[in-house]
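The values are calculated or read from the model by the stated rules, or taken from the named source; none is laboratory data. Because the structure is a prediction, the values reported are computed rather than measured. Note: ideal-geometry Cβ built from the backbone for every residue, glycine included; neighbour counts use all protein chains shown. Each accessible area value is taken on the protein alone, full model and side chains, heavy atoms only, with ligands, DNA and RNA left out. Shrake-Rupley method; radii C 1.70, N 1.55, O 1.52, S 1.80 Å.
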Amino acid sequence: MGDHLLEIGAGSGAATPELRNRVPRLTGLEYDRALVARLAQRNRSTDVVQGDAAALPFADSSFTSAIAILMLHHLRSTELQDRAFAEVHRVLRPGGRFCAFDIQDGWLNRVVHIKSTFVPINPHTVATRLTGAGFAKVSVDLRSGAFRFLASKQN
Ligand SMILES: C[S@@+](CC[C@H](N)C(=O)[O-])C[C@H]1O[C@@H](n2cnc3c(N)ncnc32)[C@H](O)[C@@H]1O
């Protein structure tokens with residue numbers, strides 16, 4: 001994960017303390033201002049930033065790795081998801097890695113998100129989309145109703 005990890009869509013911080021234990025520096029990005037305040041209060045040694053995954057408020061090559069846990073389906077369109085992939089690629093240093101875990105399409109996940117955004121990512125096409133954003137060495141693991149991917153920014 002290198003020395004500076006970006007957690008995208010950190011929410012209330014379910015994974016944040018565990019991630020913080022694994023890297024010298026962690027930045028948590030979250031869109032919702034109320035969650036940003038709570039995240040910052042509970043995670044004093046993490047840099048917490050309000051912002052949009054599709055327009056990351058960071059300079060090029062800022063991070064050695066990035067992770068998105070259960071957040072990509074919250075982006076409102078496939079275009080915004082592709083923009084987020086390109087943004088993650090931009091803010092990673094050469095050799096940096098992008099990991100995500102998300103849920104697949106299905107009636108249960110649609111019902112659960114009836115009052116929120118659910119734009120499921122097709123795990124069978126996500127490698128092509130990540131390659132289009134500039135990533136290489138993409139691997140996708142399918143799980144029951146979920147998937148994870150790992151992608152690298154070339155050196
Ligand atoms: C299902 S929650 C997951 C939170 C956390 N990753 C976890 O696993 O507990 C998705 C989070 O993504 C955030 N989010 C949605 N759209 C976003 C965007 N465009 N940029 C950054 N965060 C966003 C939501 O506010 C929410 O906190």
Here, Ser139 and Ser62, labelled 7 Å along Cα→Cβ, have an inter-label distance in nm of 2.9
Taking 30 Å as R0, compute the FRET efficiency from the Cβ-Cβ separation of Asn155 and Arg38 and round it to 0.05. 0.20
How many percent of DSSP beta bridges within region 38-155 run antiparallel, rounded to 5? 70
Accessible heavy-atom area order of Ile67, Ile114, Ile8, highest first, probe of 1.4 Å: Ile114, Ile67, Ile8
Considering only protein heavy atoms, what is the solvent-accessible area of Glu79 at a probe of 1.4 Å, reported in Å² to the nearest 10? 120
Treating each Cα of region 4-152 as an identical point scatterer and ignoring solvent, apply the Debye formula and state log10 I(q)/I(0) at q = 0.09, 0.19, 0.21 Å⁻¹. -0.26, -1.20, -1.43
Which far-off residues, 5 or more places away or on another chain, put their amide H under 5 Å from the one on Ala66, with H placed in the peptide plane? Leu6, Arg97, Phe98, Cys99
What ³J(HN,Hα) values, in whole Hz, does the Karplus curve 6.51 cos²θ - 1.76 cosθ + 1.60 give for region 41-58 when θ = phi - 60°, with x put for Gly and Pro? 5, 8, 10, 4, 8, 10, 6, 10, 10, 7, x, 10, 4, 8, 8, 5, x, 9
So who's got an amide H within less than 5 Å of the one on Ala146, skipping anything under 5 residues away but keeping other chains? H placed 1.01 Å off N, in plane. Gln104
Taking amide H atoms as placed 1.01 Å from N in the peptide plane, list the residues 5 or more away in sequence, or in a different chain, whose amide H sits under 5 Å from that of Gly28. Glu7, Asp47, Val48, Val49
Please arrange Val49, Val23, Val111 by accessible surface area, largest first, computed with a 1.4 Å probe and ligands excluded. Val111, Val49, Val23
